[in-house]
Amino acid sequence: MAEAPSYDAVVLAGGQSRRMQVVDKTTLEVGGVKLLDRVLLATAHASSVVVVGPQRQVGRDVTWIREEPPGAGPAAAVAAALPVVSAGVVVLLAGDLPLVTLADVDRLVTAVTDDGAVYVDADGAEQWLCSAWRTATLRQATLAADGSLRRALTPLTFARVPATAAVMDCDTPDDLRRAEELLT
């Protein structure tokens, strides 16, 4: 694999965790490590990391940002983070990806062609919060106030990368149990 170019990471961690029925699901653990810390470990090669969401204790230095208004959705969260990133490529990750690894993130970054690269699951669905983009492209995208990344990013030209377990997110207690099982 080619060496990944320099990149910044934006991790979205401001959701309301309704289906998980907890205040902040990113503090839940899989394999003894908090979900958010698992994602941050996968960004070890990033020049800088911006976490969009309420500030909390994490195991790495990050810049904390909030979208306006808080809870406005993923597109607003990405828009809030863009002014503080400086690398030519930005990786977008959800804060609840228990199986994402450093190799998964590096694979995305090296796959960037044209505007970006997106993991695509077995059903062909783009995983917008497990993707990498040219920073200039994201700055020009219409990151709608309705929070829809899909609407903003679908028109762009990007490499479709076959998904790994990295795209599994934890929205429910069953997802959390499944992630724990997959780690063992």
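Before moving on, here are some points about what is shown:
- Index of the failed condition, THR26 passing every other in (1) of a type in the set (S, T, N, Q); (2) at pLDDT 95 or above; (3) buried (at least 21 other Cβ atoms within 10 Å of the Cβ): (2)
- Wholly within the stretch 101-166, helices (runs of 4 or more DSSP H) carrying at least 2 residues that are crowded, with 19+ Cβ neighbours inside 10 Å and touching a residue at least 40 places away in the same chain (Cβ under 8 Å): 102-111, 149-153
- Residue in the stretch 77-90 that is surrounded by the most Cβ atoms within 10 Å (Cβ to Cβ), counting only those that are touching a Ser or Thr at 6+ places or on another chain (Cβ under 7 Å) and among the β-branched types (Val, Ile, Thr): VAL90
- In the set (1) of a type outside the set (A, V, I, L, M, F, W, C); (2) surrounded by 14 or more Cβ atoms within 10 Å (Cβ to Cβ); (3) touching a residue at least 24 places away in the same chain (Cβ under 8 Å), ARG178 fails one condition alone, (3).
- Residue within the stretch 127-136 that is touching a helix residue (DSSP H, G or I) at 6+ places or on another chain (Cβ under 7 Å), of a type in the set (Ser, Thr, Tyr) and modelled with pLDDT of 90 or more present: yes
The values are calculated or read from the model by the stated rules, or taken from the named source; none is laboratory data. Fair warning: this is a prediction, and the values are worked out from it, not measured in the lab. Note that each Cβ is placed from the backbone with ideal geometry, even for glycine, and that neighbours are counted across all protein chains shown.
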